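Comments concern the structure below.
The values are calculated or read from the model by the stated rules, or taken from the named source; none is laboratory data. Everything numeric in this text was worked out from a predicted model, so none of it was measured. Cβ: placed from backbone, ideal geometry, glycine included. Neighbour counts: every protein chain shown. Just the protein is used for accessible areas: all its heavy atoms, side chains included, with ligands, DNA and RNA removed. Shrake-Rupley method; radii C 1.70, N 1.55, O 1.52, S 1.80 Å.
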Amino acid sequence: MVQKRCFCTNHTLFDNREMFKIIKRTVIDKILKRDYIILAIWTIGFLLLASRFTSPLFPNYYGADASEYMVRGQKILAGYTLYVDSYEYKGPVLYYIQVLAQMLFYGRTGIFLLQCIFHYAIFLFIYKTARLIIHRKQAYILLCLITLFFAITLEKGNLTEEYSLPFILFVVYTSIKYMMASGNREFPWQLGLI
């Protein structure tokens with residue numbers, strides 16, 4: 001078979017099938033990585049079943065702390081002054097996260113969407129940290145085990161841990177990645193510090 005050459009760039013011309021393979025390999029595979037899609041589906045499924053306060057599957061369920069946080073966010077959005085008109089003992093960041101959720105969609109739906117984003121980051125950093133050390137299948141098994149333990153501690157959803165864990169896990173991931181890149185794969189005391 002004779003290959004044709006492009007007159008302007010002197011590159012070999014491809015037929016449509018070869019060009020599609022190149023596009024698929026470079027663009028589509030990078031945009032739609034299988035692991036990221038699996039993690040997104042895993043996150044939404046987990047929250048639908050485990051976060052009873054914000055899940056659309058449990059519309060009449062009320063959580064103690066979760067309800068308080070949502071009400072405080074709604075009051076701030078309505079013009080109340082935090083710690084003056086409405087007092088709760090947590091720091092202000094949690095309540096402004098609730099305000100952001102209420103601005104997205106009033107009620108539980110906005111909180112559920114924010115939870116999806118934060119939990120996706122949690123599961124992503126757990127998975128990526130595991131992938132630094134173990135293979136893909138083992139990382140998914142570890143993620144399943146951690147998710148089971150996380151479901152127990154999640155209680156009813158919309159808790160402070162959900163909003164702080166992505167930042168903590170980011171630090172853990174970047175620290176372990178940095179230590180692994182240094183070339184010395186044996187650093188038990190440094191991992192103990194993390």
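Before moving on, here are some points about what is shown:
- Restricting attention to the stretch 153-176, the residues that are open to solvent by 30 Å² or more (accessible area, probe 1.4 Å) and modelled with pLDDT under 85 add up to 4.
- Selection count, the stretch 125-149, where residues are open to solvent by 30 Å² or more (accessible area, probe 1.4 Å) and either closer than 19 Å to residue 36 by Cα or touching a residue at least 60 places away in the same chain (Cβ under 8 Å) (or both): 16
- Selected residue [open to solvent by less than 40 Å² (accessible area, probe 1.4 Å), under 21 Å from residue 158 (Cβ atoms) and at pLDDT 90 or above] from 112, 53: 112
- Annotation for the stretch 41-50: no member residue is touching a Phe, Trp or Tyr at 6+ places or on another chain (Cβ under 6 Å), outside any helix (DSSP H, G or I), of a type in the set (S, T, N, Q) and modelled with pLDDT of 85 or more.
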